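Data first, discussion second: the structure below is written as structure tokens.
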Amino acid sequence: MYLKYNFQNNLISVLSGRITIKIPALILFIALPVISFFYLSGTCLAIEISEGLNLDGQKIISYKMTNTIDNNELKQNLKINLKGNINDNLKTDLKIDDSLNSKVEKIKFEYNNNNNLNLELGDINFNGINQFSRNDRKVMGLLANINSGEKKIDSKQPEVTLLCTFESAKPCSDKFIGEGRPGPFKLSNEKIMVLSERVYIDGVQKNRNIDYGIDCENGILTFNEDIQLGCEIYITYNIDTGFDNVNRYSVGAFTQAASSEKGNTKIGVIRSSESSKNTNETKSSLTEFNLNQSLKLNEKLITNLEYAHSFKEGQSYDNSSQNGSAIALNTKLTGRIVDTNLRLSSVDPQYSPYHYGYVKPEKTAEFSFDLHPDKSEELNVFNKINGSVGVLKKEQFESSKTSTGDLNDEDKFFGKFLYNFDENVAITTNFNKTPTGSDLKDLKILSKSSKLNIENTVTSQRRNGGSDELNSMSFKAYSFPIKKNVYFVEYNDSALKTYSKLKEENNDVNFKVKRKVNQDLSLNYSLMDSRRIDYTNSEQKISENRAGVDYNMSRNTLLTGQLAKRHEKRTFAYEPKADLNGFLLGARYSPLDFLKVLLKREFWGTDMTARNINFNKIEDSLKVILASHNSPYSLELKGGLKSPEYDIESGAKREKSAQYGAQFNVRALNKIRFTSEITKKDESGVSGVDTLNTREEIKYKVNDDIDFSMNYEKEHSIFKNISTAFRLEARL
């Protein structure tokens, strides 16, 4: 099959054998996901595309064979990415991946007509006109922005927006309480739909890949910073569950009055209907009215009013006979050094945003001052500081209070500041204080010079009147390898108590120092000490001292040696105590420019007191590398031997093992790379299994746009497994 695009008349010709079909480009590109699903896995496409429209993709074929025919497996995966301008008015962004259930990862078309009409079809993101109706997750639908007359330069929003969306998934949510850690948090579901999640901390929505990361396949949420003790973490997301899925349709219209010097007005109405996937019966519907009024009273005073009202129908909503509303007022007075902010909001318990978002039903009042540098003046104390200080008061509605709702830790006096002494020294502080005795204190010092960096952080948090408490401190200092000495030290200490009982305690010390005595001799020392206690009072202690020396015996020979002493103790393990004493000897020998020999022996003498067992753990390794500087080839021979040992935690005996192999690499004219590797691993004992692995890989760079690779692997143990993978990636 051959596809040819005619740029002038916007037609696409499909040629297959003697048959030629001409169809409009827009229709074919909309149908491209369907065509790809049925044909692309076995068809080669050659596409002639205009400038600005880029196509890239990859096809992977793999075959695995074992000694059991039933385990033979053939896999193939196709990925197609099409992005760019189809013509002056039409843009597309299409991603197809046949490994996904939906086959289509992303599909979007955007049409612009002289700035008077903007259409988005496919995966769209619609951000509502106020904070209560924000929607930044992936939905399928149509978004039309219409401007009456010539678009004004200072107008940031279209005058009329029409919205029509469809969602097919089961909505789910989870709630967690922060414990001063970044996570991870395990969600109650897996296989989460990509880009469907929304994460809130105390009602404030967080940004994906900036504030947090999520593993959609396994349902694991991890934040990039520690979450304060007692904070409420709320996440909503969609999962694909087949029979239990829900079809959700939404239509809406939004308009904006013409912009003026004094501000503008935005009004919108949206209606959503739900039905089960296996029936046409309507489950529920929701209509929401939104208003956003911004007003610029003068050059320094700005105010903004946001209002939303929801009308509920159906049985899936609580108190369906009642309607709910939400209102917020934000006022800002800008000054030369200080800005004054006033924020008021009230959200009824019956209010439900159309997008399944999380809005806390409560009344809030916040008054704060923002301090910012004044760049127009000469350097003074106000040009070195940024910060904010204020008062926040929250009040829950009676119907929203829980059994523990009498203690309100949300009312607080808060502040956050950054002070730059100079280019090398800065201090950040963060604090809040509540009437119930719960508070947060955080102080961080950053200092750097041409030789040394220092980071020091102290944090204290109390919650629920002080019954929950977290104290932590971290210190980190490291020098740069200048002159003779290199230092590194890191210390972390934290203790979490819940209801005055120890729940978790951590203490870590990591210290390293290296001194260059002369051009040929260097000394190094490291100390590692780690202590863990969890909520079950299970304790783990590990301490290790290690001293070493590096000596350049000659131009071609480098010797290294280390002595180590390690003590391990675990109250929850089969072996509660073990002492390990060891040493490491290594050498690097380069008699020729193209030859390098690396040797290492690591020896540990282990004393397991509880079982009266003493044994030696020895690990030897040898590596020979044949490769000259900028040579097109390299050969690496490697081998290793491990003696029998015991697992300290489980008490299980591990068999003696040996591993050796070779790897050959060659490249030609920066276009061809070939790798051949063979590895053999022998394990002694009744349960030991010998394995032999071979691998060959060819990578060929045809040109700047096309890459080809082939990988062949063979594993021989109890079974013989053979797998071959071809990969072709073309970028047009």
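The values are calculated or read from the model by the stated rules, or taken from the named source; none is laboratory data. Everything quoted here is computed from the prediction, not taken from an experiment. Reconstructed Cβ throughout: ideal geometry from the backbone, glycine too, with neighbour counts over all protein chains shown. With ligands, DNA and RNA removed, areas are computed over all heavy atoms of the protein, side chains included. Shrake-Rupley method; radii C 1.70, N 1.55, O 1.52, S 1.80 Å.
Key figures for this structure:
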| quantity | calculated |
| --- | --- |
| Selection status of Phe674, aromatic (Phe, Trp, Tyr), in contact with a strand residue (DSSP E or B) (Cβ under 7 Å, 6 or more places away or on another chain) and open to solvent by less than 70 Å² (accessible area, probe 1.4 Å) | yes |
| Any hit, region 588-601, residues being touching a strand residue (DSSP E or B) at 6+ places or on another chain (Cβ under 6 Å), under 26 Å from Lys653 (Cα atoms) and either open to solvent by 70 Å² or more (accessible area, probe 1.4 Å) or of a type outside the set (S, T, N, Q) (or both) | yes |
| Meets criteria (open to solvent by 50 Å² or more (accessible area, probe 1.4 Å), at negative phi, at pLDDT 85 or above and among the hydroxyl-bearing types (Ser, Thr, Tyr)) for Ser188 | yes |
| Residue count for region 478-497, restricted to those that are of a type in the set (Gly, Ala, Ser) and closer than 19 Å to Leu521 by Cα | 0 |
| Looking only at region 541-553, and only at residues there that are open to solvent by 50 Å² or more (accessible area, probe 1.4 Å) and assigned to a strand (DSSP E or B), the one that is farthest from Arg601 (Cα to Cα) | Lys541 |
| Filter result (in contact (Cβ under 8 Å) with a residue 40 or more places away in the chain and open to solvent by less than 40 Å² (accessible area, probe 1.4 Å)) within region 191-217 | Ile192, Ser196, Glu197, Arg198, Tyr200, Asp202, Gly203 |
| Of residues in region 523-536 being modelled with pLDDT under 90 and touching a Phe, Trp or Tyr at 6+ places or on another chain (Cβ under 9 Å), the one nearest to Val486 (Cα to Cα) | Asp534 |
| Some residue of region 496-508 being within 33 Å of the chain's Cα centre (by Cα), exposed (fewer than 14 other Cβ atoms within 10 Å of the Cβ), assigned to a strand (DSSP E or B) and of a type outside the set (Asp, Glu) | yes |
| Residue count for region 518-540, restricted to those that are part of a loop (DSSP other than H, G, I, E, B), under 40 Å from the mean Cα position of the chain (by Cα) and acidic (Asp, Glu) | 1 |
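Listed here are the residues, each with its yes/no results for (1) assigned to a strand (DSSP E or B); (2) touching a residue at least 24 places away in the same chain (Cβ under 8 Å); (3) hydrophobic (A, V, I, L, M, F, W, C).
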{"site": "Leu559", "(1), (2), (3)": "yes, yes, yes"}
{"site": "Glu568", "(1), (2), (3)": "yes, yes, no"}
{"site": "Ala573", "(1), (2), (3)": "no, yes, yes"}
{"site": "Gly605", "(1), (2), (3)": "yes, yes, no"}
{"site": "Asp620", "(1), (2), (3)": "yes, no, no"}
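This table checks each residue for (1) assigned to a strand (DSSP E or B); (2) in contact with a strand residue (DSSP E or B) (Cβ under 8 Å, 6 or more places away or on another chain); (3) open to solvent by 50 Å² or more (accessible area, probe 1.4 Å); (4) without any contact (Cβ under 8 Å) to a residue 24 or more places away in the chain.
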{"position": "Lys444", "(1), (2), (3), (4)": "yes, yes, yes, yes"}
{"position": "Ser460", "(1), (2), (3), (4)": "yes, yes, no, yes"}
{"position": "Leu470", "(1), (2), (3), (4)": "yes, yes, no, no"}
{"position": "Phe475", "(1), (2), (3), (4)": "yes, yes, yes, yes"}
